[in-house]
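Here's the structure, in structure tokens; my notes come after.
The values are calculated or read from the model by the stated rules, or taken from the named source; none is laboratory data. Small disclaimer: the values here were computed from a predicted structure and weren't measured. Quick reminder, even Gly has a Cβ in these numbers, built from the backbone with ideal geometry, and neighbours come from all protein chains shown.
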Amino acid sequence: MLDQPSIHRGKGYPVCQNCGKRMRLVQRGPRFDDSGYYERQVFACCYCDHHIERSVKTDGAARGVAHDVIE
């Protein structure tokens, strides 16, 4: 089941940069700028509590590189 593609938009679930475990989607919402509409996705690691954020185009293509969320 883990090898199947994610049902969420984008490239699926990322791997944690700290511990290497699969991260889970904890927040998503709309975002837009001059070049179009995007979906903001925030992922969290259940093991080390590391968070990352990425933006995904509405057609599912990743926009830019995921970055750490500063809380």
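Here's a check for you: in region 13-25, which residue that is closer than 21 Å to residue 58 by Cα, surrounded by 14 or more Cβ atoms within 10 Å (Cβ to Cβ) and out of contact with any His (no Cβ under 8 Å at 6 or more places or on another chain) is modelled with the lowest pLDDT?
13
Residues of region 11-25 being part of a strand (DSSP E or B) and of a type in the set (Lys, Arg), which ones?
22, 24
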